[in-house]
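Chemist: Below: one structure in structure tokens.
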């Protein structure tokens with residue numbers, strides 16, 4: 001039992017929660033502006049791949065992070081152009097982005113590293129104390145620059161949404177695009193701006209995922225973008241609640257990993273891996289219905 | 001008038017194919033290959049030989065089922081992106097049942113049993129996102145992905161821990177449950193894995209699309225997809241129709257097991273048929289709701305998959321997956337642009353463009 005309530009577990013939970021949290025905050029930005037965004041999965045992948053490709057080529061993890069953010073913004077803006085300018089259904093665009101990111105990163109692996117499964121290993125940021133004690137693990141997680149960026153995003157998002165002109169406009173575009181447009185807010189521009197923020201934050205999560213594994217693996221996002229969306233729904237489209245939901249999810253996954261060895265020896269076996277997803281389904285099923293969803297989600301100012 | 005409409009309907013797919021060829025050329029060029037020779041290689045490996053054609057049909061078969069599955073749910077306005085998990089679990093359960101059947105059981109009995117079991121399993125998997133959507137208002141996309149991940153955990157557990165297989169596969173299926181290869185009737189296809197699952201899939205597409213169009217329930221599913229509130233006001237049980245569409249979608253996706261475990265391998269192994277669920281979305285988008293469209297789109301994407309294998313030594317086969325995803329976007333944009341133009345033309349002589357469809361719908365319901 002002591003292995004479950006420990007600093008190691010806390011470190012693991014926080015570390016695992018980072019990509020989920022970034023994607024969830026990204027989801028809050030996109031959806032609060034009124035754009036349905038199920039392409040977070042693809043942006044995580046694009047961010048992870050770009051960070052590894054650039055970090056591997058230049059040897060600089062910081063440049064890799066910048067590349068990830070640029071890729072995230074580009075993909076997210078692509079989604080915005082497809083849904084707001086070309087006006088195709090946001091779900092279709094999101095599915096296409098996920099498939100496109102999965103396929104292009106696989107093609108990139110073949111093209112750059114002649115591998116169908118993973119990239120060569122990279123260093124990532126190696127900061128903080130070495131050692132295997134719970135405390136040093138926790139410190140390593142906490143001083144990671146990507147983690148710090150994620151924390152800033154979590155803290156800044158509610159503040160910007162509530163207290164700035166930009167945040168107000170984003171919420172107006174998401175709640176009632178027709179009314180917002182009638183008072184002179186450019187809905188398309190606001191949504192594209194919100195999506196840029198969203199893409200940048202989501203790509204942070206991708207970079208964290210890749211730096212954490214010290215390489216890129218084909219399909220390494222593994223459904224995290226969708227779980228983040230579940231966190232957005234459970235958190236009522238509020239950044240802090242969504243981040244909290246992601247932390248709980250990280251703890252569940254850490255618990256699952258800790259119990260894996262025990263489970264392998266019993267009849268439960270691989271079934272333990274379903275634990276976090278079953279828990280998410282239950283929370284979704286019993287959360288209050290559609291509380292906090294932006295009224296204008298998926299709606300446009302003009303036909 | 002009718003033929004002009006048909007040409008209009010075919011235009012996006014023609015544009016998509018042209019755009020696809022162009023993109024492929026660009027990618028081949030990017031990998032340092034002469035586009036013309038890469039294209040030639042892709043053609044030779046697919047429609048150039050009888051074996052290639054057989055392989056294209058083999059690759060197209062699961063896509064026919066999963067494409068139809070996505071279309072069925074889409075009619076009700078639902079996005080069934082859980083076909084991956086529905087098909088996987090149904091394949092496992094179907095193959096296990098097929099392996100337990102007595103070897104002497106004739107195909108007329110064995111096949112329907114296995115297909116029904118698989119379809120029921122697929123529907124059961126689809127039931128989870130369906131009921132959560134209908135009862136709790138949770139979007140089916142999120143829940144379907146959760147269910148996919150749960151199925152991903154169940155499969156190795158069931159194979160290794162429950163069935164005790166070290167190689168993560170089921171026992172061989174009974175001979176009666178196997179679908180014969182097409183080469184038995186068309187000797188030219190010798191060596192290709194195309195089976196009678198292909199004609200079964202094509203028939204399924206036409207039957208299900210016709211049923212949706214002609215039956216009362218099928219039309220109601222469509223209206224629910226178009227205007228749920230109006231349907232509720234007219235006394236249609238909206239929730240029931242949504243549930244039905246999703247269950248039907250899961251069952252149809254599950255039938256793709258006919259082309260993998262039953263028509264090809266003779267058993268189920270972990271990962272068999274993976275990816276068909278995602279490609280089915282592209283098929284449905286390209287097919288644009290007509291049975292013929294879905295068949296053509298599935299054969300086209302089957303061609304892409306097989307062509308990917310043919311050129312893999314020179315251009316990575318992953319390039320074909322990039323193409324497939326790009327095609328979804330291209331077709332969606334082309335379709336949307338065409339619809340916009342049509343609406344603009346109509347607006348000139350008719351102020352309320354949506355009125356006829358709605359009036360027709362309510363009239364039908366009133367009857």
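Chemist: Residues that are more than 14 Å from chain A (Cβ to nearest Cβ): which helices (runs of 4 or more DSSP H) entirely in segment B:82-173 hold 2 or more of them?
Modeler: B:83-100, B:107-136
Chemist: While we're on this one: If only one of A:75, A:28 is within 21 Å of the chain's Cα centre (by Cα), modelled with pLDDT of 95 or more and more than 14 Å from chain B (Cβ to nearest Cβ), which one is it?
Modeler: Answer to the check: A:28.
Chemist: In addition: Please pick out the residue among A:199, A:236, A:205 that is at positive phi and away from chain B (no Cβ under 11 Å).
Modeler: A:236
Chemist: Right, something else. Out of all the residues in segment A:258-284, which are under 23 Å from residue B:143 (Cα atoms) and either exposed (fewer than 14 other Cβ atoms within 10 Å of the Cβ) or at the interface with another protein chain (Cβ under 7 Å from one of its Cβ atoms) (or both)?
Modeler: Listed by number, the residues that qualify are A:270, A:271, A:273, A:274, A:277, A:278, A:280, A:281, A:282, A:284.
Chemist: (1) in contact (Cβ under 8 Å) with a residue 12 or more places away in the chain; (2) within 14 Å of chain A (Cβ to nearest Cβ); (3) part of a loop (DSSP other than H, G, I, E, B): which one isn't true of residue B:179, the others all being true?
Modeler: With (1) in contact (Cβ under 8 Å) with a residue 12 or more places away in the chain; (2) within 14 Å of chain A (Cβ to nearest Cβ); (3) part of a loop (DSSP other than H, G, I, E, B) applied to residue B:179, the lone miss is (2).
Chemist: Considering each residue of segment A:69-119, count those that are in contact with a strand residue (DSSP E or B) (Cβ under 8 Å, 6 or more places away or on another chain) and surrounded by fewer than 21 Cβ atoms within 10 Å (Cβ to Cβ), and give that number.
Modeler: Going through segment A:69-119 one residue at a time, the tally reaches 2.
Chemist: Is it the case that residue B:193 is farther than 25 Å from residue B:302 by Cα, more than 14 Å from chain A (Cβ to nearest Cβ) and not in a helix (DSSP H, G or I)?
Modeler: No: the conditions fail for residue B:193.
Chemist: A further question on this structure: Let me confirm something: among A:86, A:101, which residue is within 14 Å of chain B (Cβ to nearest Cβ) and free of Cβ contacts under 8 Å to residues at least 24 places away in the same chain?
Modeler: Exactly one residue qualifies, and that residue is A:86.
Chemist: Provide a single number: the residues in segment B:25-59 that are more than 14 Å from chain A (Cβ to nearest Cβ), under 30 Å from residue A:113 (Cα atoms), in a loop (DSSP other than H, G, I, E, B) and in contact (Cβ under 8 Å) with a residue 24 or more places away in the chain.
Modeler: Qualifying residue count, segment B:25-59: 1.
Chemist: Within segment A:135-171, can you find the residues that are assigned to a loop (DSSP other than H, G, I, E, B) and without any contact (Cβ under 8 Å) to a residue 60 or more places away in the chain?
Modeler: A:164
Chemist: Among the residues that make up segment A:36-57, is at least one of them on the phi > 0 side of the Ramachandran plot, outside any helix (DSSP H, G or I) and surrounded by 15 or more Cβ atoms within 10 Å (Cβ to Cβ)?
Modeler: No - not one qualifying residue is present in segment A:36-57.
Chemist: While we're on this one: Report yes if some residue within segment B:302-322 is part of a helix (DSSP H, G or I), crowded, with 23+ Cβ neighbours inside 10 Å and under 12 Å from the mean Cα position of the chain (by Cα); otherwise report no.
Modeler: Within segment B:302-322, one or more residues are part of a helix (DSSP H, G or I), crowded, with 23+ Cβ neighbours inside 10 Å and under 12 Å from the mean Cα position of the chain (by Cα).
Chemist: Please go through segment B:241-296 and give me each residue that is closer than 22 Å to residue B:94 by Cβ and in a loop (DSSP other than H, G, I, E, B), ordered by number.
Modeler: Hits for segment B:241-296 are B:255, B:256, B:266, B:267, B:268, B:270, B:271, B:272, B:273, B:274, B:275.
Chemist: When you check residue B:311 against the structure, is it more than 9 Å from chain A (Cβ to nearest Cβ) and either closer than 16 Å to residue B:205 by Cα or free of Cβ contacts under 8 Å to residues at least 60 places away in the same chain (or both), yes or no?
Modeler: Answer is no for this residue.
Chemist: Among the candidates A:266, A:221, A:196, A:182, single out the residue that is in contact (Cβ under 8 Å) with a residue 40 or more places away in the chain and farther than 17 Å from residue A:16 by Cβ.
Modeler: Unique residue meeting the criteria: A:196.
The values are calculated or read from the model by the stated rules, or taken from the named source; none is laboratory data. Because the structure is predicted, anything quoted here is derived from the model rather than measured. Virtual Cβ from ideal backbone geometry, glycine too; neighbours counted across all protein chains shown.
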